[in-house]
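See below for the structure under consideration.
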Amino acid sequence: MNATQPFPATWPMPPRQVHEGRHVRLTPLRADEDAAELYQASHESAEAREIWRYLWHGPFASEADFRDWLRSVQDGVDPIFFTVMQRQSGRCVGMISILRITPKHGVAELGHIWHGLAAQRTPVNTESVFLLLRHLFDDLGYRRVEWKCNAENARSRAAALRLGFQFEGLFRQHMIVKGRNRDTAWFAMLDGDWPTRKANFERWLADGGRTSLSALNSGE
């Protein structure tokens, strides 16, 4: 029988605040200020529009439609959307959110993640995820952070493992997205995992990505 843990009655909701990194700056979404650069990053070509393939929304017919959608979500309490600004270019290059926040149990999810083509295969995604994981685990004391994706999204599944999340199973016909059944691949990181994962992130960021984060997180 497990001993009773001294858990709080509830955990705090993540606040809307800026998160500063060496490669990125995450700011609470500002639809009118961010829309133009975000639209360009995610719609500038047919290849760029593929970003939306597995997401709930998009692509959008026009920048005005995209801005309207951003306005509809910018003040929501769940998800809490952040704009990813790449320090090197000074431009808005993507989005990330904290969602399915359950303060009663100290659980949240990272999702609605996308980055424009120019920011892919750079430290942008890795540090964006790191900043929010550090905030949830270190600042707010959360017990569990989840990552879920369409089971067909091989890149997202690979990213979850590389970033140190553990695969927990496949939820078949979990939901309907854009009129199609979606099987959902389910991943999570626990507070007990975090100290090692945090050290691996910090090592990777410090040496400029020369060390494989996948290898660090798999213990190779």
Can you give the angle from 0 to 90° between the axis of helix 31-43 and the longest principal axis of the chain, with both taken from C-alpha atoms, to the nearest 10?
80 degrees
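If I take R0 = 30 Å and measure r between the Cβ atoms of Asp191 and Ala61 in this structure, what FRET efficiency does the formula 1/(1 + (r/R0)^6) give, to the nearest 0.05? Walk me through the numbers on the way to the answer.
Numbers: r = 43 Å, r/R0 = 1.43.
Result of the calculation: an efficiency of 0.10.
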Determine which aspartates and glutamates satisfy two conditions relative to Lys178: a Cα distance under 12 Å, and not lying fewer than 8 residues away in the same chain.
none
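Quick one: order Ser128, Ser212, Ser45 by neighbouring beta-carbon count within 10 Å, fewest to most. Intermediate values should be presented prior to the final figure.
Details: Ser128 27, Ser212 12, Ser45 9.
In order of increasing Cβ crowding within 10 Å: Ser45, Ser212, Ser128.
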Taking the chain as the region of interest, what is the percent of Cα-Cα pairs per 5 angstrom bin, listed from the shortest bin to the one with the maximum distance?
1, 7, 14, 18, 20, 18, 12, 6, 2, 1, 0, 0
Grab the eigenvalues of the alpha-carbon gyration tensor for segment 128-197, scale each by 5, take roots, and send me the semi-axes largest first in whole angstrom.
25, 12, 11
Only helical DSSP H runs with n ≥ 4 go in: add -39500 (n - 2.57) per run for the chain, normalise by residue count and round the 222 nm mean residue ellipticity to 500 deg cm²/dmol.
-9000 deg cm²/dmol
Between 0 and 90°, nearest 10: helix 63-73 axis offset from the chain longest Cα axis
30 degrees
Can you tell me the orientation of helix 194-206 relative to the chain, as the angle in degrees between its alpha-carbon axis and the longest Cα principal axis, to the nearest 10?
50 degrees
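Starting from the Cα-Cα distance between Ala215 and Leu140, subtract it from 0.36 nm times their residue separation and give me the gain in nm to one decimal.
On the way: separation 75, 0.36 × 75 = 27.00 nm, distance 2.81 nm.
Extra length from Ala215 to Leu140 when fully extended: 24.2 nm.
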Label 7 Å along Cα→Cβ of Met13; segment 72-113 residues with amide nitrogen under 14 Å?
74-81, 98-104
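Every number here is computed from the coordinates shown, using simple stated rules; none is lab data. All values reported here derive from a predicted model rather than from experimental measurement. Note that we place each Cβ from the backbone using ideal geometry, even for glycine, and neighbour counts take in every protein chain shown.
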